[in-house]
Amino acid sequence: MPQADRQGAPAGVPEGDAVRSVQAAGGAPLSGAGPARPGNRARRIALLVVVATVIYALDQVSKFLVVKFLEHEEPLTVVPGALVLTVIRNAGAAFSIGTGMTIVFTVIALTVVVAIVRTARQLRSLPWAITLGLLLGGAVGNLTDRIFRSPAPFQGHVVDFIQAFPVTRFPVFNVADSAIVCGGVLAVFLAWRGYQIDGTRQTEEEPSGSGAEQAVEPAESRDGIPEHARGEVPEQTREQAGDRSRERADG
């Protein structure tokens, strides 16, 4: 019978392969990547808060400035034919969609904010932290307008002022709208690529149980000796292993 060495691996079997076999048997990850550390979640949440705060600040400051200096004034051309600043009050959703449903969009915005905050408890992904930060900052930015601006609380009209390529008649929007759109595009891309909120990545096909076992356990030859270790196991050991294989077959 082959004797075990000091590390508990069978004689002649490479130590690294033995360690991987023990890890696989015990359920330890073979890739060397352990579970996500608790500190990762705190850092990702901090990044989400920073991104959301920056978006919110840019949105509110820009709205304050354009209302103060541009409202009731002629549109300001920044880039001829490409970018014009003109202030309008939007009672609907992003890009002036659904102008007669202000209260409905207010409730939707509140729901989105709550959902993002709840989802953040599982956040360990850097791309998702940026994505949720964009969505949260944009949602809170427009929600602030709906709660505090005229004509009434929770029915306020959102300030829009960015008009891109006026000849195309593209709807006027604001910084919060841009953040929401960018966050939505990133969310779709991350979901398509299989990136999860908790930092893992889902592959297209999950390996079946038999396939996983075959991937973990080394292939054996006819005499029961792993193929990668055949050249390193003594001849006597191979003969003994072959005898045991024949005994199991006879039994």
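The values are calculated or read from the model by the stated rules, or taken from the named source; none is laboratory data. On a predicted model such as this, the values are computed, not experimentally measured, just so you know. Backbone-built Cβ (ideal geometry, glycine too); neighbour counts: all protein chains shown. For accessibility, only protein heavy atoms count, side chains too; no ligands or nucleic acids. Shrake-Rupley method; radii C 1.70, N 1.55, O 1.52, S 1.80 Å.
Averaged over its residues, region 67-198 has an accessible area of 54 Å² per residue, based on protein heavy atoms and a 1.4 Å probe. Sorted largest first by accessible area at a 1.4 angstrom probe radius, with every protein chain in place, the residues Thr144, Thr53 fall in the order Thr53, Thr144. Taking 0.36 nm per residue of sequence separation and removing the Cα-Cα distance, the Glu74/Ala164 pair yields an extension gain of 30.8 nm. Computed on protein heavy atoms with a 1.4 Å probe, the accessible areas place Arg169, Arg121, Arg44 in the order Arg169, Arg121, Arg44, largest first.
For Phe154, the residues whose amide H sits under 5 Å from its own are Ile147, Phe148, ignoring neighbours fewer than 5 places away on the same chain, with H placed 1.01 Å from N. For the peptides 145-157, 70-82, residues were scored by their other Cβ atoms within 10 Å and the scores averaged per peptide; the highest-first order is 145-157, 70-82. For region 152-199 versus region 46-72, the inter-centroid distance based on Cα atoms is 14 Å. Our estimate of slack between Ala115 and Thr53, defined as 0.36 nm per intervening residue step minus the Cα-Cα distance, is 20.6 nm.
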